[in-house]
1. For a quick protection proxy, order the peptides 55-65, 36-46 by their average other-Cβ count within 10 Å, most packed first.
2. Once fully extended, how much extra length lies between D50 and E30, figured as 0.36 nm per residue of separation less the alpha-carbon to alpha-carbon distance?
Amino acid sequence: MGGCSRSWRPDLDGDGQLCDMDVSGWIRSEFRSAEFGDKRLTDRLVQLGDELGSSPAESIPAACE
């Protein structure tokens, strides 16, 4: 199998748990280039990504409260 690039793998601490990651920064960098023809829609996508990224175990409605 091909090797995995370190740049995309999450950082794990010694217990195999995810270390603190800048999820919001990652979401912004991934979603800012989305083009919907209306900047408000891109802004909403980034907001939704932030909400879901900050509560990944929650349901979508619960994460967006």
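1. Packing proxy ranking, top to bottom: 36-46, 55-65.
2. Gain on stretching D50 to E30: 6.1 nm.
Laboratory data are not the source of any read-out in this text; all were calculated from the coordinates shown. These numbers come from a predicted model, not from an experiment. Here the Cβ is made from the backbone with ideal geometry for all residues, glycine too, and neighbour counts use every protein chain on show.
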